[in-house]
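Please read the structure below before turning to the comments.
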Amino acid sequence: MDYRIDAPLIVQGDRTVLLEVNSPDYEAARDHLARFAELEKSPEYIHTYRISALSLWNAAAAGLDAQEIIEGLENLAKYPLPDNVVFEIRDAIGRYGRVRLTQDPFDATRLRLTSDESILLVELERNRYLKGYVLDRLGPHTLQVPASRRGHVKQALVKAGFPAEDLVGYLVGAAMPFQLRASTLGDEPFTIRGYQRDAADVFWANGSDAGGAGVIVLPCGAGKTIVGMAAMEKTQTNTLILTPSTVAARQWREELLDKTSLTPDMIGEYTGERKEIRPVTVTTYQILTHRRRGTKADGNVPLEEQYPHFALFSEGDWGLIIYDEVHLLPAPVFRITAELQARRRLGLTATLVREDEREEDVFSLIGPKKYDVPWHDLERQGWIAPAVCYEIRVEMTDAERMDYIMAEQRQKYRVAADNSLKLGILDRLLTYHKGDRVLIIGMYLEQLEKIAQRYGYPIITGKTRIAEREELYEQFRTGVISTLVVSKVANFSIDLPDASVAIQISGTFGSRQEEAQRLGRILRPKSDGRQAYFYSIVTKETVDQDFSANRQRFLTEQGYRYLILYGDEVPGALAHTQERA
């Protein structure tokens, strides 16, 4: 058996791949795996990836072929690839697009599901997920399915293991001519970066039926909003933009006014405070999923009756729907999106990871991953700030350790997260970073309020009024205040370009997407080229430490290494490691 001692990968028959962190080829192997595999575990020395059908379909949709995947693995593997893994990679990649959805030229109420393989269509016709949607057969290579169930058919085909290439096309929507500016309202030059233009071009696909639906994956701070604007410029049509919060919705509006020829009367805000429908309408997931009083989720009740604001989807003659932070898409919006397949759909996100494991629904209903760039590539090019990540492990007092031991399992994290000795570490970090723009981020409101009171810092939580949030964010941007205490409401779509330090005092259990978003708050490049620092303070030998390890998985896949420090090493070890950085 061939064996190469210096190669970093071991590919196993169960489609797991082991990656040695200390190998000189670690980065090349990590970047290759990130294109078609999912990171499962990332302890100190060996990282574990899994090759799944969905990860391979996303790779296929992004233009990666089986031979390129296999050759990359062969060049980086210690041992020959297992035959079954080579077969399964070829098989999964080969399944993408073997069936196609097209318009029926003679019946607008029906679509055609076609394949060059007549036996495959017989198999799908009898498949338990799809057979309820099959209306008729037109010869050996064509089935008819209802046009009104386009999204549901695509979901069924994913479950059946044969994701369709959707070539049905899209409604044009109402025309909305506009241009991107050459300079901002502040008279600053404005140009779209190469990767932003490439992402929009891949999504648009020259206006063909093969484009117009998919997800762009870029790190926080890399300008996903600009990608959305570039896509809007290509479509030149009425656009509905879904965002995670009112603050994010207003930031979209400000960016559109600053960088496009759109005028204030062309952009509407549809939130809890305003209900404006304009050629460009920006709304929130929260308002869309507001349920009519007294109603419950019921598959037999029309969605518009359960969720009255869903009427917005049909009121603007939209030619494009943008899903900002698509990994947060709530389940009810998935349901309505299944019925919106005739409209172009663009998902924007830093990570396709969903804690509810509904990545298949993003793939089938919004679209496959069309474009992504490794975070470290953009860091090397200077488009996002270089960042150093630390996990600082802290002891507990004897009394708190006893409380932790005696706590019910579901209460253990709260006890560990609220460890009083974390405040001593926070004292040292704030002293060490005096003069920097600092975000102190946590999950538990009582803990955050205690911290805000301890230092006299302003605090933003879900209870903070929108106007007050916006005012505090602006004061932080302009340097009036240098430190903010924030809850999870600041995880998403908040533009704080000068924030250079984030200190996470508690997190949402093991949420990988949250970890990525929190690091993203400090990744916008600094005017003076400063490094960004991300600290996660965890309680040693508790579920707090376990959850922290899980949260780090996605960022490890992107190339970030967490330096592990213990409480008594701060700040001495910080000065040493940051000097080397």
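The values are calculated or read from the model by the stated rules, or taken from the named source; none is laboratory data. As the structure is a prediction and not an experimental result, all values here were calculated from the model. Every residue, glycine among them, receives a Cβ derived from its backbone with ideal geometry; neighbour counts consider all protein chains shown.
Looking at the structure I just gave you, is Glu541 surrounded by fewer than 19 Cβ atoms within 10 Å (Cβ to Cβ), part of a loop (DSSP other than H, G, I, E, B) and modelled with pLDDT of 90 or more?
On the way: surrounded by fewer than 19 Cβ atoms within 10 Å (Cβ to Cβ): yes; part of a loop (DSSP other than H, G, I, E, B): yes; modelled with pLDDT of 90 or more: yes.
Criteria met by Glu541.
Applying the selection to the stretch 464-485, what residues are surrounded by fewer than 17 Cβ atoms within 10 Å (Cβ to Cβ) and within 25 Å of the chain's Cα centre (by Cα)?
Passing the criteria: Ile466, Glu470, Arg477.
Checking Ala297 against (1) assigned to a loop (DSSP other than H, G, I, E, B); (2) closer than 17 Å to Leu329 by Cβ; (3) at pLDDT 85 or above, only one condition comes out false. Which one?
That leaves (3) as the condition not met.
Check Ser420 against each of (1) closer than 29 Å to Gln251 by Cβ; (2) touching a residue at least 12 places away in the same chain (Cβ under 8 Å) and name the one condition it does not meet.
Condition not satisfied by Ser420: (1).
Please note which strands (runs of 3 or more DSSP E) are completely contained in the stretch 1-91 and include at least 1 residues that are β-branched (Val, Ile, Thr) and buried (at least 16 other Cβ atoms within 10 Å of the Cβ).
Numbers: elements: 9-11, 16-20, 38-41, 46-50.
Once the strands (runs of 3 or more DSSP E) in the stretch 1-91 are filtered for at least 1 residues that are β-branched (Val, Ile, Thr) and buried (at least 16 other Cβ atoms within 10 Å of the Cβ), what remains is 9-11, 16-20, 46-50.
From the residues in the stretch 116-142 that are among the acidic types (Asp, Glu) and part of a loop (DSSP other than H, G, I, E, B), which one is surrounded by the most Cβ atoms within 10 Å (Cβ to Cβ)? Outline the logic, then answer.
Of the residues in the stretch 116-142, the ones among the acidic types (Asp, Glu) are 116-117, 123, 125, 136.
Adding the requirement that they be part of a loop (DSSP other than H, G, I, E, B) leaves 116-117.
On the way: Asp116: 10, Glu117: 14.
Applying the filter and picking the extreme gives Glu117.
Are any residues in the stretch 5-32 closer than 23 Å to Leu54 by Cα and in contact (Cβ under 8 Å) with a residue 60 or more places away in the chain, and if so, which ones? Spell out the reasoning first.
Step one: list which residues in the stretch 5-32 are closer than 23 Å to Leu54 by Cα, which gives 9-19, 28-32.
Leu9, Ile10, Val11, Gln12, Gly13, Arg15, Arg30, Asp31, listed by residue number.
For the stretch 186-222, enumerate the residues that are in contact with a helix residue (DSSP H, G or I) (Cβ under 8 Å, 6 or more places away or on another chain), in a loop (DSSP other than H, G, I, E, B) and either over 30 Å from Gly382 (Cβ atoms) or modelled with pLDDT of 90 or more (or both).
Result: Phe190, Ile192, Arg193, Gly212.
Can you tell me which residue among Leu365, Leu423 is part of a helix (DSSP H, G or I), more than 30 Å from Ile241 (Cα to Cα) and in contact with a Lys or Arg (Cβ under 8 Å, 6 or more places away or on another chain)? Step through it out loud before you land on a result.
On the way: Leu365 fails: more than 30 Å from Ile241 (Cα to Cα).
Result: Leu423 is the single residue among Leu365, Leu423 that is part of a helix (DSSP H, G or I), more than 30 Å from Ile241 (Cα to Cα) and in contact with a Lys or Arg (Cβ under 8 Å, 6 or more places away or on another chain).
Against the conditions (1) in contact with a strand residue (DSSP E or B) (Cβ under 7 Å, 6 or more places away or on another chain); (2) farther than 30 Å from Pro219 by Cβ, where does His47 fall short? Just the number, please.
If we test His47 against (1) in contact with a strand residue (DSSP E or B) (Cβ under 7 Å, 6 or more places away or on another chain); (2) farther than 30 Å from Pro219 by Cβ, just (2) comes out false.
Every residue, every condition in (1) closer than 26 Å to Val362 by Cα; (2) surrounded by 17 or more Cβ atoms within 10 Å (Cβ to Cβ), yes or no:
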site: Thr184; (1), (2): no, no
site: Tyr195; (1), (2): yes, yes
site: Asp201; (1), (2): yes, no
site: Gly212; (1), (2): yes, yes
site: Ile216; (1), (2): yes, yes
site: Ala249; (1), (2): yes, yes
site: Thr281; (1), (2): yes, yes
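Confirm whether Val333 is within 21 Å of Arg253 (Cβ to Cβ), buried (at least 19 other Cβ atoms within 10 Å of the Cβ) and at pLDDT below 85. Walk me through how you get there before you give the answer.
Details: within 21 Å of Arg253 (Cβ to Cβ): yes; buried (at least 19 other Cβ atoms within 10 Å of the Cβ): yes; at pLDDT below 85: yes.
Yes.
Across the stretch 378-405, what is the number of residues that are at pLDDT 90 or above and under 17 Å from Leu218 (Cβ atoms)?
Step one: filter the stretch 378-405 for residues at pLDDT 90 or above, giving 392-405.
Filter again for under 17 Å from Leu218 (Cβ atoms), leaving none.
Residues that pass the stated criteria total 0.
Within the group Arg15, Arg30, which residue is closer than 28 Å to Gly367 by Cβ, modelled with pLDDT under 90 and touching a helix residue (DSSP H, G or I) at 6+ places or on another chain (Cβ under 8 Å)? Steps first, please.
Working: Arg15 fails: modelled with pLDDT under 90.
So the residue among Arg15, Arg30 that is closer than 28 Å to Gly367 by Cβ, modelled with pLDDT under 90 and touching a helix residue (DSSP H, G or I) at 6+ places or on another chain (Cβ under 8 Å) is Arg30.
Where residues in the stretch 394-448 are basic (Lys, Arg) and surrounded by fewer than 17 Cβ atoms within 10 Å (Cβ to Cβ), which of them is nearest to Ala499 (Cα to Cα)? Reasoning before the result, please.
Residues of the stretch 394-448 basic (Lys, Arg): 401, 410, 412, 414, 422, 428, 434, 437.
Going one step further and asking which of them are surrounded by fewer than 17 Cβ atoms within 10 Å (Cβ to Cβ), we end up with 410, 428, 434.
Details: Arg410: 34, Arg428: 18, Lys434: 13 Å.
Of everything passing the filter in the stretch 394-448, Lys434 is nearest to Ala499 (Cα to Cα).
For the condition touching a residue at least 60 places away in the same chain (Cβ under 8 Å) and in a loop (DSSP other than H, G, I, E, B), what is the one hit in Glu339, Glu360, Glu391? Can you show your working first?
Details: Glu360 fails: in a loop (DSSP other than H, G, I, E, B); Glu391 fails: in a loop (DSSP other than H, G, I, E, B).
The conditions single out Glu339.
Within the bounds of the stretch 105-115, is there any residue that is surrounded by fewer than 16 Cβ atoms within 10 Å (Cβ to Cβ) and assigned to a strand (DSSP E or B)? Give the steps one after another, and end with the answer.
Filtering the stretch 105-115 for residues surrounded by fewer than 16 Cβ atoms within 10 Å (Cβ to Cβ) gives 105-109.
With assigned to a strand (DSSP E or B) added as a condition, the list becomes none.
No; the residues of the stretch 105-115 include none that is surrounded by fewer than 16 Cβ atoms within 10 Å (Cβ to Cβ) and assigned to a strand (DSSP E or B).
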